[in-house]
Amino acid sequence: PIPGFPQELTTVRVQDPRVQNEGSWNSYVDYKIFLHTNSKAFTAKTSCVRRRYREFVWLRRQLQRNAGLVPVPELPGKSAFFVGSTDEFIERRRQGLQHFLER
């Protein structure tokens, strides 16, 4: 930090997973992504959107395309054969997505 200048901080939270179209063949889970920052690079200091896993996959591909030699963090796995409860899987994925965005 530089004296007299506030340190720029950005926090991001992945929360509130919700099953959409529950009980149908095209059900999916989306997550609330909440961002708060004091960075001058952002016009809005807070924002909130809902995103599903495949949108994280798209984001990671875009980052890889433009990252050069900088490693892009991994996403949590997309296992259809998860051992355990659905709620447990959703929570692990939520934690993995949170970690991805923080990195």
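The values are calculated or read from the model by the stated rules, or taken from the named source; none is laboratory data. None of these values were measured; they are calculated from a predicted model. Counting neighbours? That spans all protein chains shown, and the Cβs are built from the backbone with ideal geometry, glycine included. Side chains included, ligands, DNA and RNA excluded: accessible areas come from the protein's heavy atoms. Shrake-Rupley method; radii C 1.70, N 1.55, O 1.52, S 1.80 Å.
Select from region 1-47 the residues that are of a type in the set (D, E, K, R) and more than 21 Å from the chain's Cα centre (by Cα) and write down the one among them that is modelled with the highest pLDDT.
First pass over region 1-47, keeping only residues of a type in the set (D, E, K, R): 8, 13, 16, 18, 22, 30, 32, 40, 45.
From the residues that got through so far, the ones that are more than 21 Å from the chain's Cα centre (by Cα) too are 22, 40.
Working: 22: 83, 40: 88.
Applying the filter and picking the extreme gives 40.
Looking at (1) exposed (fewer than 13 other Cβ atoms within 10 Å of the Cβ); (2) part of a helix (DSSP H, G or I); (3) touching a residue at least 12 places away in the same chain (Cβ under 8 Å), which one does residue 39 not meet, given that it meets all the others?
(2)
Which members of region 51-103 meet the condition of being part of a loop (DSSP other than H, G, I, E, B), more than 14 Å from residue 14 (Cβ to Cβ), open to solvent by less than 60 Å² (accessible area, probe 1.4 Å) and at pLDDT 90 or above?
72
Scan region 7-36 residue by residue and report those that are open to solvent by less than 60 Å² (accessible area, probe 1.4 Å) and touching a Pro at 6+ places or on another chain (Cβ under 7 Å).
Selection gives 29, 31.
Being farther than 21 Å from residue 94 by Cβ and either without any contact (Cβ under 8 Å) to a residue 12 or more places away in the chain or part of a strand (DSSP E or B) (or both) is the filter here, so list the residues in region 1-22 that pass it. Working first, answer last.
From region 1-22, those farther than 21 Å from residue 94 by Cβ are 1-9; that's our starting set.
Those that are farther than 21 Å from residue 94 by Cβ and either without any contact (Cβ under 8 Å) to a residue 12 or more places away in the chain or part of a strand (DSSP E or B) (or both): 1, 2, 3, 4, 5, 7.
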